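The values are calculated or read from the model by the stated rules, or taken from the named source; none is laboratory data. Because the structure is a prediction, the values reported are computed rather than measured. In this analysis, Cβ positions are derived from the backbone assuming ideal geometry, glycine residues included, and neighbour counts consider all displayed protein chains.
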Amino acid sequence: MTRRVARRRAGADRRLAATFRRNAAGFLQGAEAALPRHPEMTRYFLAIAIELALKAYLLDRGISDDWNRVYLRHDLVKALRFARRAGFDGASAGVAELAALVGPYYQVHGISRMTPDEIASVSWHQACTTVRQLIAAVAETVGLAPSGQENVT
């Protein structure tokens, strides 16, 4: 089975996409490291990792960083919607659920205001795995090796 991927638009910034993907992976590592002692930082770092991974995909498809900054800002749900419109099909349902949960707080820099019930509704270890899978799917789709370097074909 072949996956159909939207063609890149002129002006795709593959170098910046690779940087965003690497940074997403770095924030994911930070989220995993913070989980045992600083769960609030885990939630914040996961939100950043989702944002960077989705924007990496959009950059690779020719959507400019300036456009992302102006129109998407820190809206994780909107970023996921636009990535899907651009052809990304590598996000699991867990990404959408996580984006919907943390996104509204992340947009207003209010992760610390999440309610205890909302926090308890998520397995944060599983959330880390979900974000890891998102980053891997973005890397695969945009043709990046795990190190973040472009694959040479």
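Tabulated data for the structure shown
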quantity: Candidates 43, 81, 21, filtered to the one that is within 11 Å of the chain's Cα centre (by Cα), in a helix (DSSP H, G or I) and either at pLDDT below 95 or of a type outside the set (A, V, I, L, M) (or both); calculated: 21
quantity: Matching residues, region 28-38, being touching a residue at least 24 places away in the same chain (Cβ under 8 Å) and surrounded by fewer than 22 Cβ atoms within 10 Å (Cβ to Cβ); calculated: 32, 35
quantity: Given (1) at pLDDT 95 or above; (2) on the phi > 0 side of the Ramachandran plot, index of the condition residue 143 fails; calculated: (1)
quantity: Checking residue 109 against (1) in a helix (DSSP H, G or I); (2) surrounded by fewer than 14 Cβ atoms within 10 Å (Cβ to Cβ), the condition it does not meet; calculated: (1)
quantity: Neighbours by Cβ (under 9 Å, 6+ apart or cross-chain): first from region 107-129, within 30 Å of residue 69 (Cβ to Cβ); second surrounded by 11 or more Cβ atoms within 10 Å (Cβ to Cβ) and among the basic types (Lys, Arg); calculated: 107/73; 111/43; 112/43; 114/43; 119/43; 122/43; 124/43; 127/43
quantity: Hits in region 62-78 (condition: in contact with a helix residue (DSSP H, G or I) (Cβ under 7 Å, 6 or more places away or on another chain), in a helix (DSSP H, G or I) and under 19 Å from residue 108 (Cβ atoms)); calculated: 68, 72, 76, 77, 78
